[in-house]
Amino acid sequence: MNLLRSPSAMLAISLATFSASAGVPAAYADRQLNEELLREMIEFRSSAAFPEAIRALLDRVAERLVTAGFPTADIEIVTNDGIANLVARYRGTGDAEPVLTMAHVDVVDAEPDAWQEHPFRFAEIDGYYYGRGTTDNKAGAATLVANFIRLKREGFTPARDIIMVLTGDEESTGNGIGHLTSERMDLIGAEFALNTDAGGGVYDDNGEPQAFNVQTSEKLYQSFELEATNPGGHSSVPRQDNAIYALVRALGRIEGHDFPLELNDGTRAFFERSAQFAHGETGELMREVAREPFDVGVAERLADDNAFSNATLRTTCVATQLAGGHAENALPRSARATVNCRILPGHSPDEVEGVLRAVVDDESISFRRLADAFPSSPSPWNGDVAGRFDVLVSEMWAGTPVVPSMSTGATDGLWVRNVGIPVYGVSAIFESPGDVRAHGLDERIGVEEFHEAVEFWYRLLRSVAS
Ligand SMILES: [Zn+2]
């Protein structure tokens, strides 16, 4: 990340901005706009089943940007596979390469009957905004649009173009960003990218800020379908060979297999910084595992200590779906299982498939990949990057460590990293670990947490583009 201004110069700018507007903290000056945008977006049922709602939402965003003074020539709706995506450009002086900001406006669908409040009617209750997409990822989309409008309103001329991409199929195919990275780099080419759909703040058990995660890498998402087949027959005359038993044996062997433990720069920094607030044995193990040289014995103990550390230290593969047999009174002719793997950066699906085949050690079990995964390399976490986030976070959440993190889930960032653009996942939304409701029921975001995230992004955009 090429720094246009030093972190200390950056601090001066933000303090100036803070006190400029006649005593009203600028941070909260646009709460009304923030809330309006989030409400508007939530009320579009923009799931894969309703592509017209995705289009309508993006048309509304384009309308608002034009009203705020952005030229129509700098706003483009790119439709791919029938799904709309929006790319808007906030033109700067060109002193530096553009920065790309990312969010997605599609959501995992939701059944109104299963929710307490209607998932597609925005509601504010007891300090929370409710609705499908409040955390994943319409808060992010509203954050980008709100700041484009606010910065434009303030007459801000960035020193580099700021590009906003709002995709429409991150939760389904991800082909939107796939198309943009393969066919439309003219629209989204940038020096680095900031993604609202990853990272985020973590509260401790007392609801105090504990860590500010910045996602620097993603594990690779690859699923395999394993199948055992058999001639079948009458179940009154069972034989030694049986498709279900063969599959169960294979799954048992996979269950018993652990991939090697390892660290990369990002995960080493993660444990190093997380050790500052992790309690007791866990904290001690995190401190030790981050030390050079890498001690596999310590890593083993940390992996046993908690599942998240285990998933951060190694590739994991787990059975997630099972089906088999065709009749109650017939020997099964086939049995299938889905094994979902989350592969550490630097390793390939080929390598993992090879390991699984060796572990299963049964030629009669076939392997089929469910969709091809795309490896993406971790984004650099160096002094410049870390320093920038440290300054901004210390202003708003003093004493909260910034922690580079590897997410076990996949985002659109994966495609962008793949074309050589470093991506930093920074939703800036604080949540309690036990209250993560993305993709689940009664999704919600804290009212203050939302507005603070918008404010954080306001400062971040000013900092990277001043
Ligand atoms: Zn998402």
Query raised in the report: How are the Cα pair distances of segment 310-466 distributed, in percent, across 5 Å bins from 0?
Result: 1, 6, 11, 14, 15, 13, 11, 9, 6, 5, 3, 2, 1, 0, 0
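Given a cut-off of under 8 Å on Cα pairs at least six residues apart, what relative contact order in percent is computed for segment 220-369? Working shown, then result.
Values: 229 pairs, mean separation 64.7, N = 150.
Relative CO of segment 220-369 lands at 43 percent.
Below 8 Å between Cα atoms, with a sequence gap of 6+, how large is the relative contact order for the chain in percent?
Working: 913 pairs, mean separation 111.3, N = 466.
Reported relative contact order: 24 percent.
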Query - With Cα atoms, 0 to 90° folded angle of helix 280-289 axis to the chain main axis - result: 90 degrees
Query raised in the report: Using a simple charge model, +1 on the beta-carbon of Lys and Arg, -1 on the beta-carbon of Asp and Glu, nothing else, what dipole does the chain show about its Cα centre, in debye to the nearest 20?
Result: 780 debye
Query raised in the report: Could you give the nm distance between label points at Tyr245 and Arg287, where each point is 7 Å from its Cα heading toward the beta carbon?
Result: 5.4 nm
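Counting only helical runs of four or more DSSP H residues, what would the 222 nm mean residue ellipticity of the chain come to if each run contributes -39,500 (n - 2.57) and the total is spread over all its residues? Each step should come with its number before you reach the end.
Working: 15 runs with 172 residues, N = 466.
So the calculated ellipticity at 222 nm is -11500 deg cm²/dmol.
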Query - q = 0.07, 0.08 Å⁻¹: log10 I(q)/I(0) that the Debye formula gives for the chain, counting C-alpha atoms only - result: -0.40, -0.51
Report summary line: Applied in sequence order to segment 224-233, the curve 6.51 cos²θ - 1.76 cosθ + 1.60 (Karplus, θ = phi - 60°) yields integer Hz couplings, x standing for Gly and Pro, of 10, 9, 9, 9, 10, 10, 7, x, x, x
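When Lys and Arg each count +1 and Asp and Glu each count -1, what net charge do the other residues less than 13 Å away from Lys219, Cβ to Cβ, add up to?
My count for the surroundings of Lys219 gives +1.
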Report summary line: For segment 220-369, the dipole about the Cα centre with charges only on Cβ (Lys and Arg +1, Asp and Glu -1), to the nearest 20 debye, works out at 500 debye
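Using alpha carbon coordinates only, what is the Rg to Rh ratio of segment 220-369, with Rh defined as the Kirkwood radius?
Working: Rg = 19.6 Å, Rh = 17.3 Å.
Across segment 220-369, the Cα-based Rg/Rh ratio is 1.13.
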Query raised in the report: If we count every other residue with Cβ under 10 angstrom of Ala193's Cβ, Lys/Arg +1 and Asp/Glu -1, where does the sum land?
Result: -1
Query raised in the report: Taking the Cα-to-Cβ direction at Leu322 and at Thr157 and moving 7 Å from each Cα, how far apart do the two end points lie in nm?
Result: 6.6 nm
Requested in this report: Calculate the tail of P(r) for segment 156-243: the fraction of all Cα-Cα distances greater than 21 Å, expressed in %.
Outcome: 63 percent
Report summary line: Diffing segment 30-47: the Karplus 3J(HN,Hα) column from phi (6.51, -1.76, 1.60, θ = phi - 60°), in whole Hz with x for Gly and Pro, holds 10, 3, 4, 4, 3, 5, 4, 5, 5, 4, 4, 5, 4, 7, 9, 7, 8, 9
Query raised in the report: To the nearest 10 degrees, how steep is helix 51-67 against the longest Cα principal axis of the chain, on a 0 to 90 scale?
Result: 20 degrees
Query - Between 0 and 90°, nearest 10: helix 447-464 axis offset from the chain longest Cα axis - result: 70 degrees
Query - Listed residues Gln240, Leu226, Gly252: farthest to the positive end of the dipole of segment 219-263 (Cβ charges) - result: Gln240
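Any read-out appearing in this document is the output of simple, stated calculations on the displayed coordinates, not a laboratory observation. Note that this is a predicted model, so its numbers are computed, not measured. Using ideal geometry, Cβ is built from the backbone for each residue, glycine included, and neighbour counts are taken over all protein chains shown.
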